[in-house]
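The structure appears right after this line, and notes come after that.
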Amino acid sequence: MPGQTTRRRFLVQAGAGAAGIALGGACGSGRAGDTGAKSPARVVIARDDKLAAGAVGEHAALLRRMLDAAMQKVTDVADAATAWRDMIPPKARVGIKVNTLGLSTQPAVVDAIVSGLRQAGVPAENIVIWDRFDVELARAGFKLNKSAGGVKCRGTDAEHYGSGYQDDIQTSGRIGSCYSRIVAEDVDTLISVPVLKDHNLSGVSLGLKNFFGAIHNPNKYHDDNCDPYIVDVVMHRFIRPKWKLTICDATRAQYHAGPTRHADYSWPFGGLIVSTDVVAADAVAADLLEQQRRKMGRKPLDREGRPPRHITTAAARGLGVADSGLIQRIEV
């Protein structure tokens, strides 16, 4: 852990949290940081059966085409370069938050995102691919780069355990945590790139929960299906105003026994789930997981005692839309 041990000994701050309710019962703004309602929210599901065959990395060109098409639909513009520029300004310092715990974000998906950012005019040296640890990134197939040139790729704990977190404890709702210096200091724009997968406590591990990887003590916040703690983390100023886009890696998915990897419960969904509404993206992804669970004879998540209540908590706090009636699903 960063700094002295005494700095980690604190009481969790009490704070107001939205009550967990059934998924799809609340709505809010269309994009993180917005204050006005946007209805309907737009979520694009890009799929291609070719992705189900072979290794994901063999389909780099296909992934770039799929993602560009999804971005055009999300932004409602005619060409991919304009879509990316409309979303990400060329001077942005972009953090691509991947997930490398268990079933990991595919490097080929991230390569497609980097290609899109480069179309937008974002310099390579302004882009950092990151997660918690160097060792996890390398194990997931990412090539580490800590040099000044090119796209960077490194863990928060790039030097040694606890080295990459701020010293000061930040409070947000009920959490008290030190945030990664990457998200707090190095970037002004965030893209969350989770995996379409199950979680044994929160029900799902998607775009919102992906930012548990931005704090030093996520192990403290797994009670009550991780609710409202997931939302508390992302409501902080280090994340909420910077988070512009969710691109969920659904090339390979896992519908049960997550977040650790279990091949028996994985399936080649062969797609990407893209949205500027960070809650709607998770709501749609969670529904796709539930559909697969039904298909495979599994109980619904709420009947297993792990409903993804944090999604509706996020909507109730104005982070986005969770009501399925206010979400426009577009398939490409």
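The values are calculated or read from the model by the stated rules, or taken from the named source; none is laboratory data. Fair warning: this is a prediction, and the values are worked out from it, not measured in the lab. For neighbour counting, all protein chains shown are included, and Cβ atoms are generated from backbone atoms with ideal geometry for every residue, glycine included. Surface accessibility is based on the protein's heavy atoms, side chains included, excluding ligands, DNA and RNA. Shrake-Rupley method; radii C 1.70, N 1.55, O 1.52, S 1.80 Å.
When K91 is tested against (1) over 22 Å from E185 (Cβ atoms); (2) charged (D, E, K, R); (3) surrounded by fewer than 17 Cβ atoms within 10 Å (Cβ to Cβ), just one condition goes unmet, and that condition is (1). Under the condition of being more than 14 Å from the chain's Cα centre (by Cα), assigned to a strand (DSSP E or B) and under 24 Å from A214 (Cα atoms), the residues counted in the range 254-274 number 1. Just to verify a result, which residue in the range 132-158, among those that are open to solvent by less than 50 Å² (accessible area, probe 1.4 Å) and part of a strand (DSSP E or B), is modelled with the lowest pLDDT? Among those that are open to solvent by less than 50 Å² (accessible area, probe 1.4 Å) and part of a strand (DSSP E or B), it is D157. Do the conditions hold for S115, that is, is it at pLDDT below 95 and either outside any loop (DSSP other than H, G, I, E, B) or open to solvent by 30 Å² or more (accessible area, probe 1.4 Å) (or both)? When the stated conditions are applied, S115 does not pass them.
Is at least one residue of the range 98-117 acidic (D, E) and in contact with a Ser or Thr (Cβ under 8 Å, 6 or more places away or on another chain)?
Of all residues in the range 98-117, those acidic (D, E) come to 111.
Still in the running and in contact with a Ser or Thr (Cβ under 8 Å, 6 or more places away or on another chain): none.
No: zero hits.
Summed over the range 294-332, residues that are open to solvent by 60 Å² or more (accessible area, probe 1.4 Å) and basic (K, R) total 6. Within the range 261-274, restricting attention to residues that are touching a residue at least 24 places away in the same chain (Cβ under 8 Å) and within 19 Å of K299 (Cα to Cα), the residue that is least open to solvent (accessible area, probe 1.4 Å) is W267.
In the range 303-332, the residues that are more than 19 Å from D232 (Cα to Cα) reach residues that are in a loop (DSSP other than H, G, I, E, B) and modelled with pLDDT of 95 or more with C-beta atoms within less than 7 angstrom, at least six apart or across chains, in these pairs: I327/V321. Would you pick out the residues in the range 159-176 that are surrounded by fewer than 16 Cβ atoms within 10 Å (Cβ to Cβ) and touching a Pro at 6+ places or on another chain (Cβ under 8 Å)? Selection gives G162, S163, D167. D277 - would you say it is under 22 Å from A55 (Cβ atoms), acidic (D, E), modelled with pLDDT of 95 or more and surrounded by 23 or more Cβ atoms within 10 Å (Cβ to Cβ)? Judged against the criteria, D277 is not a match.
Would you mind stating whether I129 is in a helix (DSSP H, G or I) and surrounded by 24 or more Cβ atoms within 10 Å (Cβ to Cβ)? Before the answer, list the steps.
Numbers: in a helix (DSSP H, G or I): no; surrounded by 24 or more Cβ atoms within 10 Å (Cβ to Cβ): yes.
No, not satisfied.
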